[in-house]
Amino acid sequence: MREDEDMGDLVGHVALVTGCGRMQGIGRAIALTLARAGADIAITDLVAGGVQNVAEGNEAERAAGWQGLPSLVDEIESLGRKAIALTGDVGLKRDADSMVAEAIKGFGKVDILVNNAGAPHGADRNWTWDVPEEAFDDVMRINAKGIFLMSGPFIRHLLEREAPGRIVNIASGAGKRGYPKRGAYCASKFAAIGLTQVMAEELGDRGITVNAICPGPIATARQASREGQAISSFRTPVQRLGTADDIARAVLFLAAPSADYVTGQSISIDGGLLM
Ligand SMILES: NC(=O)c1ccc[n+]([C@@H]2O[C@H](COP(=O)([O-])OP(=O)(O)OC[C@H]3O[C@@H](n4cnc5c(N)ncnc54)[C@H](O)[C@@H]3O)[C@@H](O)[C@H]2O)c1
């Protein structure tokens, strides 16, 4: 990253953001915020429209005519930036490798990776002893292994270019303390923070920073689901639910050149829920 760039100035930078298909999602807000700061963006999701959580309607998306990734491509392009939409499963090596390769092919390089994709709420939301093995494996595969699989080819690309770069992992407050009926989710988000710290140690001398954001309850479709409401009833000192933009602004801070002395951190953006 050039020394003369102002904070927030991502002109000339390329970001790859996973889990961008939902209209109210954190991924969409991150992609738009980085695009407003000047970055071109590769946006990805499992399927173009994103996947739904249990007990969640998508009435708002239907009413708005939201098409998923194609709608977000239009929004990014209307900001004057370039966008590429890619689909694939972050938890499958073949898909992760091809999404990173396609982004590099499309833009010539990638500088910033935001691992935002998260497994939908489902059968994992239960007492630990009642969670089906497949549900536990799915959450770990998408939330934890997905970071490992996406980061590998991205880091090798940076090392080949001898270029600085940024990884921002969207973890959770559930990566810092346990919550009942969140066995798989907490395990996966603790793993996300562990990977963040290890990669930060490994890459600090290469100008590559690796940080995590730990959102508290954020008003996305995930929170609109029945299980989400249980968490959103936690009282925060700020006394409101967070917004996807609250998270996106923190990602921009970490992705910007001026944050090059910040690495290995797990920053809570949660209205003071954890302190
Ligand atoms: N909303 C909150 O309160 C909250 C709190 C803490 C952390 N988070 C984290 O923020 C991130 C974004 O969540 P959100 O609230 O925007 O929810 P969301 O459900 O809108 O976003 C998750 C996205 O990940 C995608 N996805 C699911 N499985 C995938 C797979 N196998 N491969 C690729 N993409 C896949 C989904 O399609 C979706 O677009 C997640 O990692 C989540 O754990 C959210």
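The values are calculated or read from the model by the stated rules, or taken from the named source; none is laboratory data. Worth saying up front: this structure is predicted, and the values here are computed from it rather than measured. Note: ideal-geometry Cβ built from the backbone for every residue, glycine included; neighbour counts use all protein chains shown.
General remarks:
- Meets criteria (among the hydrophobic types (A, V, I, L, M, F, W, C) and over 20 Å from Leu158 (Cβ atoms)) for Ala83: yes
- Looking across region 6-26 at every residue that is more than 9 Å from the ligand (Cβ to nearest atom) and at pLDDT 95 or above, the one that is surrounded by the most Cβ atoms within 10 Å (Cβ to Cβ) is identified as Val17.
- So Pro180, is it part of a helix (DSSP H, G or I), of a type outside the set (Ser, Thr, Tyr) and more than 19 Å from Gln265 (Cβ to Cβ): no
- Comparison of Gly122, Gly118, Gly152, Gly146 shows that the only residue that is touching a residue at least 12 places away in the same chain (Cβ under 8 Å), surrounded by fewer than 24 Cβ atoms within 10 Å (Cβ to Cβ) and closer than 27 Å to Ala200 by Cα is Gly152.
- Of all residues in region 41-74, those that are more than 28 Å from Asp124 (Cα to Cα) and touching a helix residue (DSSP H, G or I) at 6+ places or on another chain (Cβ under 6 Å) total 3.
- Answer residue from region 125-137, given it is touching a residue at least 24 places away in the same chain (Cβ under 8 Å) and out of contact with any helix residue (DSSP H, G or I) (no Cβ under 7 Å at 6 or more places or on another chain) and is nearest to the ligand (Cβ to nearest atom) among those: Asn126
- Take the conditions (1) at pLDDT below 95; (2) within 12 Å of the ligand (Cβ to nearest atom); Pro215 misses just one of them, which is (1).
- Whichever residue in region 27-46 is β-branched (Val, Ile, Thr) and in contact with a strand residue (DSSP E or B) (Cβ under 6 Å, 6 or more places away or on another chain) and, among such residues, is farthest from the ligand (Cβ to nearest atom): Ile41
- The set of residues in region 187-203 being within 11 Å of the ligand (Cβ to nearest atom) and without any contact (Cβ under 8 Å) to a residue 60 or more places away in the chain consists of Lys189 alone.
- Scanning region 183-216 for residues being basic (Lys, Arg) and either part of a strand (DSSP E or B) or farther than 24 Å from Trp127 by Cβ (or both) gives a total of 1.
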